[in-house]
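Contents: one structure, followed by commentary.
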Amino acid sequence: MDGNIWVTPNTHVKLLNKHVVLDLIRFTPGGVSRVDLSRQLGLTRAAVTSIINDLVDEGLVREAETRYSGGRRPIVLEVAPDKGYVLGVDLGATHLYVCLSDYSANIIQEREMEIDINEGPIVCLSLVDSLVQQVLEATGFEFSDIAAVGIGLPGPVIIEKGTVSMPPIMPGWNNFPIRETLQQKWECPVLVNNDAELGALGEWAYGAGRGEKNLAYIKVGTGIGAGLIFESKIYHGTTGSAGEIGHITINENGPKCSCGNSGCLEAFAGGKAIASRAQEELRKGRRSQLVGLGDLYQISAKDVIKAAKRGDLLSQQIITETGSYLGIAIAGLVNLFNPSIVIIGGGISSSGDLLLDPIREAVANRSLYAAGNVVRISAALLGKRSTVMGAVTQALSYALHKSGKWNQNYIY
Ligand SMILES: [Zn+2]
């Protein structure tokens, strides 16, 4: 701990302002100028200039022109892209995504592959390592060039321990030292978090939720989880388990869920539920393009989405029903949390308005006017990159706020 930074209250205030300024530079849509900063923070121009000079001296911030066409171009500030680099990793139930980003969150290199989370931590983390190594090799970087790595995991994460706690869809992962293992291997700071929370952060920082204070991001894939941004910060809950919307009971007599209960949202609207409803209908003899795919038992949620987009009626009906189930739970979330936007992401969200319209309808019908009237239901702008960009954002927050001598005590 660097005791010096607490010497006088003024230094302390200036340090806090420095962190706030840095984040306004990072996250203000369209960029922020010195004048904007002094107005927003209620600081004098001189105070802002002093903070900016420090940031510029450290090489973290530089001046850039906005991309407005016509008129006088105000000088805005940006994080210096080539000051450093971070990695983001999205480890999903069936999919692994790795990307390398500069300090301005520009993706420099990315790789993805199919995986199976059921293979357990030893196998999956070695796949993470090999995909990360491929990304580094492709760009000529080494781990000594990487300031931090952010990782998203599909279960409740205990952030302080770097583990997951009793995750329903991650057998064998309970209490495995995920962060420790990777930190030792890479000799680099690693930050682990829940994938839906990182999806929320990614969309808040660079996607459909820019400039919003309270948002919910719903990741609809094999599992269903929500990430909540509350007053512009991730809301984790007491034990990192906030937002597990997939395990809200929709119908107590419903199908068995991976968590052991019955009738959870995930058992109605998760990837497996979509696939098994399609299989069941086909066994009953329903006509569908899906019949042409051959083995009934191999039909996946992806197949159903593809067929729905091609106009297959059965598949469209299943996606619409899925949207209605999601809408029931989301209406409850809207009543409880009163967000300005609910962003739908994850693999199933690629079905677009076919899924979103019934969600909008259910939310309009079931939530209270004061909350339901203002909330927008929107598709994730970053698509399959929401979570990985959240992982990048978190790695950048760590790298930018922990770097240098001035911020040892700042807890982001
Ligand atoms: Zn459940």
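The values are calculated or read from the model by the stated rules, or taken from the named source; none is laboratory data. If you're wondering where the values come from, they're calculated on a predicted model, not measured in any experiment. Here the Cβ is made from the backbone with ideal geometry for all residues, glycine too, and neighbour counts use every protein chain on show.
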Going by what's in this entry, would Ser241 be described as in the same structural domain as Ser350 (by TED's automatic domain parsing), at pLDDT 95 or above and within 13 Å of the ligand (Cβ to nearest atom)?
no
Quick check: anything in region 309-325 within 16 Å of the ligand (Cβ to nearest atom), surrounded by 17 or more Cβ atoms within 10 Å (Cβ to Cβ), of a type outside the set (S, T, N, Q) and farther than 25 Å from Tyr97 by Cα?
yes
Could you tell me whether Glu321 is over 30 Å from Lys213 (Cα atoms), in contact with a Lys or Arg (Cβ under 9 Å, 6 or more places away or on another chain) and part of a helix (DSSP H, G or I)?
yes
If we ask which residues in region 246-279 are more than 10 Å from the ligand (Cβ to nearest atom) and more than 25 Å from Ile299 (Cβ to Cβ), their number turns out to be 2
Do the conditions hold for Gly332, that is, is it assigned to a helix (DSSP H, G or I), surrounded by fewer than 22 Cβ atoms within 10 Å (Cβ to Cβ), within 16 Å of the ligand (Cβ to nearest atom) and more than 21 Å from the chain's Cα centre (by Cα)?
yes
Identify, from the list Gly211, Gly225, the residue that is surrounded by fewer than 24 Cβ atoms within 10 Å (Cβ to Cβ) and touching a residue at least 60 places away in the same chain (Cβ under 8 Å).
Gly211
Hey, any hits in region 213-235 for a residue that's among the charged types (D, E, K, R), more than 16 Å from the ligand (Cβ to nearest atom) and over 18 Å from Gln394 (Cβ atoms)?
yes
Qualifying positions in region 258-269 - at pLDDT 95 or above and not polar (S, T, N, Q):
Gly263, Cys264, Leu265, Glu266, Ala267, Phe268, Ala269
Just a yes or no: is a residue in region 281-296 surrounded by fewer than 21 Cβ atoms within 10 Å (Cβ to Cβ) and within 16 Å of the ligand (Cβ to nearest atom)?
no
What do you reckon, is Ser126 without any contact (Cβ under 8 Å) to a residue 12 or more places away in the chain and among the small types (Gly, Ala, Ser)?
yes
Checking the structure you have, find out if any residue of region 154-168 is assigned to a helix (DSSP H, G or I), buried (at least 21 other Cβ atoms within 10 Å of the Cβ) and touching a residue at least 24 places away in the same chain (Cβ under 8 Å).
no
Set Ala331, Ala364: member being without any contact (Cβ under 8 Å) to a residue 24 or more places away in the chain and not assigned by TED's automatic domain parsing to the domain that holds Val20
Ala364
The one condition in (1) farther than 20 Å from Thr239 by Cβ; (2) at pLDDT 95 or above; (3) part of a loop (DSSP other than H, G, I, E, B) that Gly172 fails to fulfil:
(2)
